[in-house]
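Working notes for the structure below.
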């Protein structure tokens with residue numbers, strides 16, 4: 001059964017990379033020449049966590065690390081720090097997937113909220129410790145709050161438009177679980 005699903009898994013992994021490239025492209029597109037007073041939600045982070053929770057096999061560790069490192073380089077953030085924190089948060093969420101699959105959506109949303117807040121605060125703390133000037137506090141907090149608030153919409157888009165659904169109990173064998 002796993003052999004049958006392999007092309008689909010690789011297709012969805014390529015879809016994740018394509019989605020990440022589209023998000024990065026539109027983030028870098030100069031639509032406004034004036035500096036913003038607010039920061040938009042981090043859609044790449046929200047999609048990564050939604051996919052990692054819903055289908056961990058679509059977002060393996062190295063793929064997540066590569067995409068987030070590319071985002072660090074394209075957004076001119078210190079290379080690797082935010083990527084490392086996102087990967088650690090994503091792997092934590094993947095580890096918690098078994099417990100969250102029985103929980104309601106509010107439990108999933110709370111877990112993602114905690115991880116997003118942790119990633120944001122740890123990023124600021126580590127940047128401060130290594131004497132790299134962190135981004136302004138207000139836009140960072142706004143981005144964190146908007147990312148948490150938009151997560152339900154990201155899950156809806158992922159589920160209904162992109163087909164990223166939690167596996168059925170009959171699919172446990174394809175994910176390495178017991179059949």
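The values are calculated or read from the model by the stated rules, or taken from the named source; none is laboratory data. All of these numbers come straight from a predicted model, not from anything done at the bench. Reconstructed Cβ throughout: ideal geometry from the backbone, glycine too, with neighbour counts over all protein chains shown.
Answer yes or no as to whether residue 35 is out of contact with any strand residue (DSSP E or B) (no Cβ under 9 Å at 6 or more places or on another chain) and either in contact (Cβ under 8 Å) with a residue 60 or more places away in the chain or over 25 Å from residue 81 (Cβ atoms) (or both). Can you show your working first?
Numbers: out of contact with any strand residue (DSSP E or B) (no Cβ under 9 Å at 6 or more places or on another chain): yes; either in contact (Cβ under 8 Å) with a residue 60 or more places away in the chain or over 25 Å from residue 81 (Cβ atoms) (or both): no.
Judged against the criteria, residue 35 is not a match.
Any idea which of 70, 64 is at pLDDT 95 or above and touching a helix residue (DSSP H, G or I) at 6+ places or on another chain (Cβ under 6 Å)?
Working: 70 fails: touching a helix residue (DSSP H, G or I) at 6+ places or on another chain (Cβ under 6 Å).
The conditions single out 64.
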